Amino acid sequence: MHKTFKAVTTLAAAGLLLTACGASPNARTDAANAEGQAPDSLVFAVVPTDDSKELENSFKPIVAAIEKETGLPTSIEAVSSNAGVIEAQVAERVDVATYGAFSYYLAKDVADITPVAMDQRTPESGSGAVQSLGVVAAGSDIAELTDVKGKDVCFTDPASSTGYLAAAAGLIEAGIDPEKDINPIFAGSHDVAVTQMLAGDCDVAFVAGTFITDLLPARGIIKDGDVETVWTSPDIPGTPLVVGNWLPEELRTKITDAVFKYNAVTGAAAGLCPDNQREAPEAWGDEYVGEMACEWGGTGAFAFEPAADGDFESIREICETTQSEVCRSE
């Protein structure tokens, strides 16, 4: 199971991340794992956005639910790349993690993990599906995907489904080689990709659609009319939440139960986010109008719903289209 993870990006940064995770309370010895002992604490990893504090606050209620159900202190580790989280999982130093669907596709072959949940954006099951958007500054001469050839292009991370791979597949289908026909710029996060594009550092940015429709407008980073969408991908599975199989089965069950026990509204009522609440959005329906809700994960979801490996089969199809080096492990 512990194969070497091979990606387009170098893993020097990931090595630093492993050092940081190794210093955490959850850096258990192999002997403890072999004996099947439950850890004294848990590590929950996320890949930060430009506003890491806001991201951490959005996961605090989920971590609080896990602590409540397991009785174990749980720390949030902001790991600077998808590859870094995967490497930390290979080393069994991150017990619970959330990242894009493509990162799970990579991780499942090298780390002993299981997807247990994925984002549910509204009370409707299956509402966590996301799209990758190609966005440009208002007034840009780029009107469609074929216009991207020869341009400076902002992506997020080579291991991001919405921030690179889906877009790379779209470019290939439009007759554009994403390695030779454009100048790719990896910004590291969705927020930064958009702000760099608006600052003129690149001509177009490919990011998760939720950042354009919800998250960045809510933060005041963009407003109506700032950007135009020139491309939209097919649906991509929602953000998975994975748990390490090295944990005892009883503990894994408690973590999973904690994730499903609350949603953003019931979590607020239970006191999981006393200092970080918002009014339930209209998209959640009349039942929740006027209710206060937690910021529930990095996408502002309503809840999590059950997930299984088969839910992410579409990522394999994207990899078959792109034949990208980052899709491979050995």
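Filtering the stretch 142-165 to residues that are small (Gly, Ala, Ser) and more than 14 Å from the chain's Cα centre (by Cα) leaves ALA143, GLY150. Inside the stretch 296-306, residues that are surrounded by fewer than 24 Cβ atoms within 10 Å (Cβ to Cβ) and over 20 Å from ALA218 (Cβ atoms) make up a count of 2. Close Cβ contacts (under 9 Å, 6 or more residues apart or on different chains) running from residues in the stretch 291-315 that are among the β-branched types (Val, Ile, Thr) to residues that are open to solvent by 60 Å² or more (accessible area, probe 1.4 Å) comprise THR299/ASP214.
Scanning the stretch 170-194 for residues being over 19 Å from the mean Cα position of the chain (by Cα) and in a helix (DSSP H, G or I) gives a total of 4.
Here is the figure for the stretch 85-107: residues that are under 13 Å from the mean Cα position of the chain (by Cα) and of a type outside the set (A, V, I, L, M) total 7. Can we say ALA283 is open to solvent by 60 Å² or more (accessible area, probe 1.4 Å) and in a helix (DSSP H, G or I)? It is true that ALA283 is open to solvent by 60 Å² or more (accessible area, probe 1.4 Å) and in a helix (DSSP H, G or I).
Restricting the stretch 262-301 to residues that are among the aromatic types (Phe, Trp, Tyr) and within 19 Å of MET118 (Cβ to Cβ) leaves a set whose member that is modelled with the lowest pLDDT is TRP296. Over 24 Å from ASN263 (Cα atoms), under 15 Å from the mean Cα position of the chain (by Cα) and at pLDDT below 95, is that true of SER52? No; evaluated as a whole, the condition is false for this residue. If you check GLU77 against the conditions, is it in a strand (DSSP E or B), in contact (Cβ under 8 Å) with a residue 40 or more places away in the chain, farther than 17 Å from PRO158 by Cβ and touching a helix residue (DSSP H, G or I) at 6+ places or on another chain (Cβ under 7 Å)? Taking the combined requirement at face value, the residue satisfies it. Can you pull out every residue in the stretch 178-202 that is of a type in the set (Asp, Glu) and open to solvent by 60 Å² or more (accessible area, probe 1.4 Å)? Those that are of a type in the set (Asp, Glu) and open to solvent by 60 Å² or more (accessible area, probe 1.4 Å): GLU179, ASP201.
GLY163: crowded, with 24+ Cβ neighbours inside 10 Å, in the same structural domain as PRO178 (by TED's automatic domain parsing) and under 24 Å from LEU55 (Cα atoms), yes or no? Answer is yes for this residue. Among the residues of the stretch 135-152, the ones that are over 18 Å from PRO234 (Cα atoms), surrounded by 15 or more Cβ atoms within 10 Å (Cβ to Cβ) and in contact with a helix residue (DSSP H, G or I) (Cβ under 8 Å, 6 or more places away or on another chain) come to 4 in all. Just to be sure before I move on: is GLU317 under 30 Å from VAL135 (Cα atoms), open to solvent by 20 Å² or more (accessible area, probe 1.4 Å) and part of a helix (DSSP H, G or I) in the structure I sent? Yes.
Does GLY128 count as under 29 Å from LEU251 (Cα atoms), in contact with a Leu (Cβ under 6 Å, 6 or more places away or on another chain) and not hydrophobic (A, V, I, L, M, F, W, C)? No: the conditions fail for GLY128. Does VAL259 fit the bill of being in a helix (DSSP H, G or I), hydrophobic (A, V, I, L, M, F, W, C) and in contact (Cβ under 8 Å) with a residue 60 or more places away in the chain? In short, yes. One residue stands out in the stretch 266-277 among those that are touching a strand residue (DSSP E or B) at 6+ places or on another chain (Cβ under 9 Å) and under 14 Å from PHE59 (Cα atoms): the one that is surrounded by the fewest Cβ atoms within 10 Å (Cβ to Cβ), namely ASN276. Screening the stretch 204-245 for residues that are buried (at least 21 other Cβ atoms within 10 Å of the Cβ) and part of a loop (DSSP other than H, G, I, E, B) and picking the one that is modelled with the lowest pLDDT gives GLY238.
Evaluating PRO61 against the criteria (1) open to solvent by 20 Å² or more (accessible area, probe 1.4 Å); (2) modelled with pLDDT of 95 or more leaves one unmet condition, (1).
The values are calculated or read from the model by the stated rules, or taken from the named source; none is laboratory data. None of these values were measured; they are calculated from a predicted model. Counting neighbours? That spans all protein chains shown, and the Cβs are built from the backbone with ideal geometry, glycine included. Each accessible area value is taken on the protein alone, full model and side chains, heavy atoms only, with ligands, DNA and RNA left out. Shrake-Rupley method; radii C 1.70, N 1.55, O 1.52, S 1.80 Å.
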